[in-house]
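What follows is a set of notes on a single structure, which appears directly below.
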Amino acid sequence: MPARTTPALPPDISMQPVVIAGGGIIGLSIALELARRGVRATVFERGRAMEQASWAAAGMLAAEDPHNPPGLRDISKYSKDLYPDFLARIESLSGLAVPIQTRIAVQHGIDGSRTRLEEMSLDPRQLAVALLAATRAADVHLREESPMEDSNLKRLTKVMAAGAWAGKLSPEGRVPVSPRKGQMLRVALPEELRALGEVHRSEAVYVVPRTAGPQAGTAVIGATVEDAGFDTATHADDLERLRALAAELLPALSDEQAAPIVEAWAGLRPATPDMLPVIGRDGDVLWATGHFRNGILLAPATAQIVADLIEGKEPVVTLDAFAPQRFRAS
């Protein structure tokens with residue numbers, strides 16, 4: 001992503017009511033929603049905003065994925081319904097439209113069946129640029145390369161949205177969030193698939209075509225799920241296996257000459273033991289992390305829920321399954 005300047009720390013930070021740890025899609029979406037409600041937030045990001053799991057994602061809004069945990073069903077539907085307004089607000093503030101890349105997903109079963117689902121996808125890298133511009137236009141203070149420190153923040157509402165790093169910030173590991181590495185590749189689509197306009201997905205692999213923007217004519221293939229700490233290296237044998245799995249869905253992708261690799265990368269998904277996010281209050285911290293494969297999908301709903309909690313309102317979605325306290329022995 002292009003180089004960005006970091007604004008100076010606002011001199012009245014002690015008067016800011018909310019500080020957010022994490023400048024990925026979850027943290028910035030929360031800050032943007034708070035700004036809409038007249039609540040100013042300062043976002044602390046240990047690296048560069050939107051350059052970790054948010055940048056590395058495939059961009060499926062997979063609310064109907066049959067392999068998602070059942071506990072995600074209600075919040076996924078809620079978030080999917082919020083997406084049009086979410087993107088419209090980002091565009092109104094940033095002047096940048098985030099195009100929908102696909103509107104259909106084909107779910108491949110192990111028995112050879114195919115089920116067509118109404119499901120959108122977008123390019124997270126386009127979303128990253130637009131969301132960053134929108135948060136700045138909304139006067140959100142973003143502190144990049146600045147981990148959040150507890151000192152001098154005692155009186156503030158703190159939101160933990162630090163993704164795969166959130167577990168490191170949890171006192172005594174009370175909220176167990178850890179990274180799950182996902183290797184991915186993007187290939188040029190061969191001529192016979194150049195008009196591909198829907199996602200193809202099985203339990204083992206997905207193929208997400210890019211139909212608009214600078215990546216049009218390519219497709220993202222992913223992804224491994226690895227317990228490898230914070231390692232983000234890619235390996236040729238893993239990428240070859242992903243291609244082979246993708247070719248089981250779309251055989252033309254097996255031809256490395258016709259569908260050459262454009263790029264490969266690995267992201268770090270924030271995972272919990274039960275693969276459900278952590279959303280809710282624990283002491284003086286509001287948690288909003290552990291979204292695993294669904295951070296892009298669940299960002300609008302998480303932002304609404306956290307903003308509601310900060311304002312003392314009852315969220316639309318029941319949060320019992322996402323409570324930070326659920327991992328502790330009773």
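Numbers at a glance
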{"read-out": "Loop GluC sites (Glu not before Pro), the range 46-139, which have at most 10 other Cβ atoms in a 10 Å radius of their Cβ (DSSP)", "value": "none"}
{"read-out": "For peptides 201-213, 247-259, 311-323, sequence by mean Cβ density within 10 Å, most packed first", "value": "201-213, 247-259, 311-323"}
{"read-out": "Exposure ranking of I104, I305 by accessible area [1.4 Å probe, largest first]", "value": "I104, I305"}
{"read-out": "More than 18 Å apart - percent of Cα-Cα pairs taken over the range 125-222", "value": "68 percent"}
{"read-out": "With DNA, RNA and ligands ignored, accessible area of D81 (1.4 Å probe; Å², nearest 10)", "value": "90 Å²"}
{"read-out": "Histogram of C-alpha separations across the range 148-289, 5 Å bin width, %", "value": "2, 9, 16, 16, 13, 12, 10, 9, 7, 4, 2, 1"}
{"read-out": "Per residue, in Å², the accessible surface of the chain once ligands and nucleic acids are set aside, probe 1.4 Å", "value": "44 Å²"}
{"read-out": "Relative contact order (percent, whole number), the chain, Cα cutoff 8 Å, 6+ residue spacing", "value": "24 percent"}
{"read-out": "Sequence ranges 56-63, 181-188, ranked by mean other-Cβ count within 10 angstrom, highest first", "value": "56-63, 181-188"}
{"read-out": "Accessible surface of the chain, 1.4 Å probe, proportion on carbon and sulfur as whole %", "value": "50 percent"}
{"read-out": "Hz values of 3J(HN,Hα) by residue in the range 174-188 - Karplus curve (6.51, -1.76, 1.60), Gly and Pro given as x", "value": "5, 10, x, 10, 9, x, 10, 5, x, 7, 9, 9, 10, 10, 6"}
{"read-out": "Calculated on alpha-carbon atoms, Rg and Dmax of the range 238-321 in Å", "value": "19.2, 57"}
{"read-out": "Compactness relative to 2.2 N^0.38 Å, alpha carbon Rg of the range 20-91", "value": "1.23"}
{"read-out": "For the chain: Kirkwood Rh in Å [reciprocal of mean 1/r, alpha carbons]", "value": "20.2 Å"}
{"read-out": "Mean projected area in nm² (Cα convex hull; one quarter of hull surface) for the range 47-123", "value": "6.6 nm²"}
{"read-out": "Percent of alpha-carbon pairs separated by more than 17 Å within the range 63-172", "value": "71 percent"}
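The values are calculated or read from the model by the stated rules, or taken from the named source; none is laboratory data. Computed from a predicted model, the values in this text were never measured in an experiment. Every residue, glycine as well, gets a Cβ built from its backbone with ideal geometry; the counts of neighbours run over all protein chains shown. Just so you know, the surface numbers come from the protein's heavy atoms only, side chains and all, with ligands and any DNA or RNA stripped out. Shrake-Rupley method; radii C 1.70, N 1.55, O 1.52, S 1.80 Å.
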